[in-house]
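This report concerns only the one structure given below.
The values are calculated or read from the model by the stated rules, or taken from the named source; none is laboratory data. From a predicted model like this one, the values you see are computed outputs, not experimental measurements. Using ideal geometry, Cβ is built from the backbone for each residue, glycine included, and neighbour counts are taken over all protein chains shown. Please note that ligands, DNA and RNA were not included when accessible areas were found on the heavy atoms of the full protein model with its side chains. Shrake-Rupley method; radii C 1.70, N 1.55, O 1.52, S 1.80 Å.
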Amino acid sequence: MRAWLPETRVTGPERATERDIEGLNRVFAEAFTDRYRRDGLIGVRVPQLNPLVWRYALLDAGDVAAFNVAHQAGAEGWMGPLAVRPDRQGTGVGKTVVRTAADWLIDRGVSTLGLETMPRTPENIGFYARLGFAPGFLTVTVTNEIATRGHPAPVLLSKRSAAEKDATIAAARGLVDDLIGGVDYSREILLTAELGLGDTSLVEGTNGLDAMALWHSAPLADSRTRDEVRVLKLAARTDATFEAAIAAVEAAAAKAGIRRIAIRCQSRYGEAFRRLIARGYRVRWTDLRMTYEGYLERHAAEGVLFSNWEI
């Protein structure tokens, strides 16, 4: 009798659609649970993601290489999540999906090509390094439990008229472009509104838009309650308007009755990190940002630009 072995034949890469969400979710949970098990965290079980979050990722993606979601925001390209079923690992599938996504983003003209991985996992870092990626700054996830009273009325994109929304999105595009030329988060802003995942908080000054923060409050994991606001993108012209943007997100969360705020702070922006700690935010998690050779991450010479390279 021949021992049963899993089917190892792989086809693709192919473009994923919303019909594939159930399969993507299953592979995601299995692969990341296995990753934690191999790191010694036997009891950790990674839950499946909210299907709405997957829909956002697929609609935002310019392409999907097997199970590696390739994202483009103007000149900024990034990939993830990436997952390979545990019984398919070691077959070269992971290398194929990374190279396919990288080639697609380069063909689209990005000047930055990055991803995030767990900094304590040498196996992951070595895997990406062999494919041409090098480590850069950390992304430090910080959270705070806020009071839900005593905040000013939030200024939100969702409260604008249709014409005002178009003008505000154009202003947000201009703000981000002023900080780092060619980067554009308009698509993420529009998809967040369309899918009802969250909103965009605004800080306006005498000369126009000074800061904006795109955030989601839809639960990340399936079957969870709406108990956290997660900031995905944040642009601020100065350190002072950065702090005003954080206050604007807190006001929006308080209005929705949500106490927990999660912000993924890139360590390149040291003053922004210090301001978050001074406001009571606590460090919860770190991720290592890695960029492809010749496609390094650019940073704002003045002001702050946070870009979350995860969904």
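With respect to Thr168, determine if the residue is more than 19 Å from Arg55 (Cα to Cα) and under 19 Å from the mean Cα position of the chain (by Cα). So that I can check it myself, show each step before the final result.
Working: more than 19 Å from Arg55 (Cα to Cα): yes; under 19 Å from the mean Cα position of the chain (by Cα): no.
No; evaluated as a whole, the condition is false for this residue.
Look at segment 147-187 and say how many of its residues are outside any helix (DSSP H, G or I) and farther than 17 Å from Val249 by Cα.
Number of matching residues: 7.
Could you grab me the full set of residues in segment 92-131 that are part of a loop (DSSP other than H, G, I, E, B) and surrounded by fewer than 19 Cβ atoms within 10 Å (Cβ to Cβ)? Full working, then the answer.
As a first pass, look at segment 92-131 and keep what is part of a loop (DSSP other than H, G, I, E, B): 92, 108-111, 118-121, 131.
Correct list: Gly92, Arg108, Gly109, Ser111, Met118, Pro119, Arg120, Thr121, Leu131.
State which residue is farthest from Thr143 (Cα to Cα) when the search covers only segment 195-209 and only residues that are in a strand (DSSP E or B) and under 20 Å from the mean Cα position of the chain (by Cα).
Leu202
Being among the hydroxyl-bearing types (Ser, Thr, Tyr) and more than 26 Å from Ala193 (Cα to Cα) is the filter here; which residues of segment 113-159 pass it?
Of everything in segment 113-159, those that are among the hydroxyl-bearing types (Ser, Thr, Tyr) and more than 26 Å from Ala193 (Cα to Cα) turn out to be Thr117, Thr121, Tyr128.
Pairs please, first residue from segment 295-311 and farther than 28 Å from Leu82 by Cα and of a type outside the set (Gly, Ala, Ser), second anywhere and surrounded by fewer than 21 Cβ atoms within 10 Å (Cβ to Cβ) and modelled with pLDDT of 95 or more, Cβ atoms under 9 Å, 6+ apart in sequence or on different chains.
Matching pairs, first to second residue: Glu302/Leu179; Glu302/Thr238.
Looking only at segment 197-248, count every residue that is in contact with a Gly (Cβ under 6 Å, 6 or more places away or on another chain), in contact (Cβ under 8 Å) with a residue 40 or more places away in the chain and of a type in the set (A, V, I, L, M, F, W, C) and tell me the total.
So the answer is 1.
Where residues in segment 132-157 are out of contact with any Ser or Thr (no Cβ under 8 Å at 6 or more places or on another chain) and polar (S, T, N, Q), which of them is most open to solvent (accessible area, probe 1.4 Å)?
Across segment 132-157, the extreme among qualifying residues is Thr148.
Where residues in segment 77-88 are at pLDDT 65 or above and either open to solvent by 50 Å² or more (accessible area, probe 1.4 Å) or assigned to a loop (DSSP other than H, G, I, E, B) (or both), which of them is nearest to Glu293 (Cα to Cα)?
Among those that are at pLDDT 65 or above and either open to solvent by 50 Å² or more (accessible area, probe 1.4 Å) or assigned to a loop (DSSP other than H, G, I, E, B) (or both), it is Ala83.
What number of residues within segment 167-183 are open to solvent by less than 10 Å² (accessible area, probe 1.4 Å) and among the hydroxyl-bearing types (Ser, Thr, Tyr)?
0
When you scan segment 210-311 for strands (runs of 3 or more DSSP E) that lie fully inside it, which ones turn up with 1 or more residues that are farther than 26 Å from Pro135 by Cα and open to solvent by 10 Å² or more (accessible area, probe 1.4 Å)?
Working: elements: 228-236, 260-266, 282-292, 304-307.
Filter on segment 210-311 gives 228-236, 260-266.
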